[in-house]
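Peer 1: The structure under discussion is supplied below as structure tokens; questions concerning it will follow.
The values are calculated or read from the model by the stated rules, or taken from the named source; none is laboratory data. On a predicted model such as this, the values are computed, not experimentally measured, just so you know. Cβ placement follows ideal geometry from the backbone for every residue including glycine, while neighbour counts extend to all protein chains displayed. To get the accessible areas, we keep the full protein, side chains included, count just its heavy atoms, and leave off ligands, DNA and RNA. Shrake-Rupley method; radii C 1.70, N 1.55, O 1.52, S 1.80 Å.
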Amino acid sequence: MNRFDYEYPVRIHFGQGCFEESLKKELPKYGKTVMLAYGGGSLKRTGLYDRIVAILTETGKTVVDFAGIMPNPTYVKVQEGARLAREQKVDFILAVGGGSVSDCCKIVSTQARLDADIWDYEYTAHKTPADFIPMGVIVTASGTGSEQNNGAVITNEEKKQKSPLWGCFADFAILDPDLTRTVPMRQVISGAFDTLSHCMETYFGNPHATNVSDEINEAIQRNVIANLKAIAANPDDDHARSELMWTSAMGENGILKLGKQTDFQCHMLEHQLGAYTDCNHGQGLAVLHPTLYRHIYQSAPEKFNRWAQEVWLVQNAEDGIDALEDFIREVGLPTTLSEMGITLDEATRRAIAESTIITPGCCKQMKTDELYEVLKECE
Ligand code: NZQ
Ligand code: ZN
């Protein structure tokens with residue numbers, strides 16, 4: 001294993017029905033003016049909005065509404081939130097939603113306390129922000145594990161980049177599986193596949209020698225596969241729903257990454273696919289993963305063979321990748337871009353490949369031309 005320092009700053013409240021009690025326990029620790037941030041409408045439709053506002057009011061908070069955070073949140077939306085937070089002198093941000101709301105709020109929290117433009121600050125000046133409005137997350141759709149870390153994926157439409165920015169860690173995260181019952185099954189499945197992808201992207205990073213982080217990772221992958229199949233077959237399977245919520249957190253709370261350099265090449269390619277098509281993150285990953293792995297597995301044959309044996313219970317790497325693809329099909333995820341309704345013309349395919357970050361942790365250092373080939377093969 002590589003050398004590491006580990007500190008974990010997010011308090012977790014996990015469990016069916018834990019939401020109200022946990023929120024009431026946390027709120028008194030924060031200032032009076034609370035920004036309630038959420039997505040495009042599900043929060044009000046499900047009635048959760050009213051329940052949260054009642055708790056905020058009961059706790060003596062003034063509510064500042066920040067609505068309409070879209071899937072694949074944009075840089076413009078981040079700036080809108082930061083302006084609002086400054087104008088209203090927000091003391092605390094309560095992000096309620098999936099990865100998009102959580103990501104957007106991490107950067108709102110950061111930009112609101114920063115005079116410079118955060119994109120320039122991080123990408124041009126290469127500085128790391130250190131001052132944040134405190135934030136808590138109530139997870140209503142699991143999969144990304146965004147509430148566990150301080151990375152955020154933001155789409156800069158002007159620059160045609162969907163890229164990571166570093167923001168705040170949440171002080172706390174509430175993971176109540178009951179709140180995810182209203183998530184459309186399509187999103188439940190693509191969210192859980194995102195978790196599997198995070199595990200794989202960590203597993204195939206260096207070092208490859210068998211280590212405790214990767215052995216835990218294999219167990220998490222097996223769990224995601226079993227519970228994703230279970231929930232796809234029966235949306236009322238509360239046990240599977242709750243397991244998937246915790247595996248989502250395990251994928252991103254740093255435990256699996258200890259002593260590892262992660263890969264995340266598939267994510268980088270998918271993010272740029274998202275920058276050009278606004279596609280669903282988990283679905284994009286499902287299409288790209290098997291094809292990308294067929295390009296790289298020969299650079300880490302022993303690791304891919306072990307993965308095939310431990311996770312998919314087949315003998316060798318090629319069979320493991322086939323099993324991954326069969327699983328994707330079995331749970332109803334797309335295996336081609338055309339199944340997602342995406343047709344890329346030559347110039348767009350080239351632009352996506354050229355704007356994709358090449359990750360140092362991938363077992364095979366990809367080149368732009370090969371990423372282009374991957375995209376072409378995924379048509
Ligand atoms: O906007 P509303 O109306 O709330 O609907 C949302 C949205 O349409 C809906 N939803 C959420 N909770 C619901 C619900 N519908 C009914 N009932 C509920 N309880 O779900 C839809 C998708 O939500 P979104 O937050 O976009 O999905 P997800 O959690 O998959 O997040 C995707 C974003 O996270 C980024 C992705 O790139 C993408 O932008 N990621 C963030 C990561 C991180 N920070 O660690 C890691 C990931 O790799 C990922 O890149
Ligand atoms: Zn992801």
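Peer 1: Take the alpha-carbon centre of the stretch 135-160, take the same for the stretch 174-227, and report the distance between them in whole Å.
Peer 2: 16
Peer 1: At a Förster radius of 41 Å, what calculated FRET efficiency corresponds to the Cβ-Cβ distance of Q365 and D178, to the nearest 0.05?
Peer 2: Details: r = 44 Å, r/R0 = 1.08.
In this case the efficiency is close to 0.40.
Peer 1: Using the Karplus curve 6.51 cos²θ - 1.76 cosθ + 1.60 with θ = phi - 60°, work out ³J(HN,Hα) for each residue of the stretch 227-244 in order, rounded to whole Hz, and write x for Gly and Pro.
Peer 2: 6, 5, 4, 5, 6, 5, 7, 8, x, 8, 6, 5, 5, 4, 4, 6, 4, 5
Peer 1: Quick check: the distance between the Cα centres of the stretch 1-44 and the stretch 253-311, to the nearest angstrom?
Peer 2: A separation of 28 Å, based on Cα centres.
Peer 1: Note down the Stokes-Einstein diffusion coefficient of the chain in µm²/s, whole number, using a Kirkwood radius over alpha carbon pairs, 4 °C, and 1.567 mPa s. Intermediate values should be presented prior to the final figure.
Peer 2: Details: Rh = 21.1 Å.
Estimated via Stokes-Einstein, D reaches 61 µm²/s.
Peer 1: Compute for the stretch 87-143: radius of gyration divided by Kirkwood radius, i.e. Rg/Rh, restricted to C-alpha atoms, rounded to two decimals. Don't jump to the answer; show the numbers that get you there.
Peer 2: Working: Rg = 12.4 Å, Rh = 12.2 Å.
The Rg/Rh ratio comes out at 1.02.
Peer 1: Compute the relative contact order of the chain as a whole-number percentage, counting only Cα pairs closer than 8 Å that sit 6 or more residues apart in sequence.
Peer 2: Values: 711 pairs, mean separation 59.8, N = 379.
Once divided by the residue count of the chain, the mean separation gives 16 percent.
Peer 1: Of the accessible area of the chain, with the probe set at 1.4 angstrom, what percent is carbon plus sulfur? Show your work: numbers first, answer last.
Peer 2: Numbers: 7470 of 15350 Å².
Of all accessible area on the chain, carbon and sulfur atoms account for 49 percent.
Peer 1: Also, I was wondering about something else. Compute the relative contact order of the stretch 11-178 as a whole-number percentage, counting only Cα pairs closer than 8 Å that sit 6 or more residues apart in sequence.
Peer 2: It rounds to 28 percent for the stretch 11-178.
Peer 1: For the stretch 362-379, take each phi angle, set θ = phi - 60°, evaluate the Karplus expression 6.51 cos²θ - 1.76 cosθ + 1.60, and give the result in whole Hz per residue in order, putting x for glycine and proline.
Peer 2: With coefficients 6.51, -1.76 and 1.60, one gets 5, 5, 10, 5, 6, 10, 3, 4, 6, 4, 4, 4, 4, 4, 5, 5, 7, 4 Hz.
Peer 1: Give the aspartates and glutamates reachable from K24 as a straight Cα distance under 20 Å; neighbours fewer than 8 places away on the same chain don't count.
Peer 2: D50, E58, D65, D91, E147, D171, D176, D178
Peer 1: Which is the longest run of the chain containing none of the chymotrypsin sites (Phe, Trp or Tyr not before Pro) found in DSSP loop states (not H, G, I, E, B) with at most 16 other C-beta atoms within 10 Å? Write out the running numbers ahead of the final one.
Peer 2: Numbers: sites that count: F4, Y6.
In short, 7-379.
Peer 1: Which value in deg cm²/dmol, rounded to the nearest 500, describes the helix-derived mean residue ellipticity at 222 nm for the chain, given -39,500 (n - 2.57) per DSSP H run of n ≥ 4 and division by the residue count?
Peer 2: -15500 deg cm²/dmol
Peer 1: Please give the FRET efficiency for S338 paired with L313, using the beta carbon to beta carbon distance and R0 = 22 Å, rounded to the nearest 0.05.
Peer 2: Once the sixth-power term is evaluated, E becomes 0.10.
Peer 1: Need the list of aspartates and glutamates near K159 for cross-linking: C-alpha distance under 16 angstrom, and skip anything on the same chain fewer than eight residues off.
Peer 2: D117, D120, E122, D278, E354
Peer 1: Just to confirm my numbers, what's the Cα centroid distance between the stretch 351-379 and the stretch 330-347 in Å?
Peer 2: Their Cα centres are 17 Å away from one another.
Peer 1: Which of the GluC sites (Glu not before Pro) found in the stretch 329-367 are loop residues per DSSP with 12 or fewer other Cβ atoms within 10 Å of their Cβ?
Peer 2: Values: sites: E330, E339, E346, E354; in loops: none.
Qualifying residues, ordered by number: none.
Peer 1: Can you tell me which of I225, I55, I138 moves the most in a GNM of the chain? Springs connect C-alpha atoms under 10 Å apart.
Peer 2: So, out of I225, I55, I138, the one fluctuating most is I55.
Peer 1: Here is a further query. Go through the stretch 284-298 residue by residue and turn each phi into a ³J(HN,Hα) via Karplus (6.51, -1.76, 1.60, θ = phi - 60°); whole Hz please, and just put x for glycine and proline.
Peer 2: Per-residue couplings from phi come out as x, 5, 4, 5, 7, 3, x, 5, 4, 5, 5, 7, 10, 4, 6 Hz.
Peer 1: Give the accessible surface of the chain per residue, rounded to a whole number of Å², with probe radius 1.4 Å and ligands, DNA and RNA excluded.
Peer 2: Details: 15350 Å² over 379 residues.
On a per-residue basis, the chain sits at 41 Å².
Peer 1: I want to verify a result. In a Gaussian network model of the chain, Cα cutoff 10 Å, which of these has the top mean-square fluctuation: Q261, Q315, Q79?
Peer 2: Of the options given, Q315 has the highest mean-square fluctuation.
Peer 1: Please report, in cubic angstrom per residue, the volume enclosed by the convex hull of the alpha-carbon atoms of the stretch 1-122. Display every interim value, and only then the final one.
Peer 2: Working: hull volume 18.4 nm³, N = 122.
Cα convex hull per residue, to the nearest whole number: 151 Å³.
Peer 1: List the trypsin sites (Lys or Arg not before Pro) within the stretch 156-248 that fall in a DSSP loop (any state other than H, G, I, E or B) and whose Cβ has at most 15 other Cβ atoms within 10 Å. Don't skip to the end; give the middle numbers.
Peer 2: On the way: sites: K159, K160, K162, R181, R186, R222, K229, R241; in loops: K159, K160, R181.
Here the trypsin sites (Lys or Arg not before Pro) that fit, given the DSSP loop and packing criteria, are K159, K160, R181.
Peer 1: Scan the stretch 141-229 for GluC sites (Glu not before Pro) in coil per DSSP, keeping those whose Cβ has at most 11 other Cβ atoms within 10 Å, and list them by number. Each step should come with its number before you reach the end.
Peer 2: Working: sites: E147, E157, E158, E201, E215, E218; in loops: E157, E158.
Listed in order of number, the matching sites are E158.
Peer 1: Cα-Cα over 26 Å: which of K25/K229; K162/K376; K127/K376; K257/K364? Numbers along the way, then the final one.
Peer 2: Values: K25/K229 35 Å; K162/K376 20 Å; K127/K376 36 Å; K257/K364 19 Å.
Check vs 26 Å cut-off fails for K25/K229; K127/K376.
Peer 1: How fast does the stretch 185-377 diffuse by Stokes-Einstein, in µm²/s, taking the Kirkwood radius from C-alpha pairs at 10 °C and 1.306 mPa s? Write out the running numbers ahead of the final one.
Peer 2: Details: Rh = 16.7 Å.
The Stokes-Einstein estimate is 95 µm²/s.
Peer 1: Here's something else I'd like to know. Under a GNM of the chain (C-alpha, springs under 10 Å), which listed residue has the highest mean-square fluctuation: A125, A219, A82?
Peer 2: A125
Peer 1: Set the Förster distance to 41 Å, then compute FRET efficiency between E346 and H239 from the Cβ-Cβ distance, nearest 0.05.
Peer 2: Efficiency for this residue pair is about 0.30.
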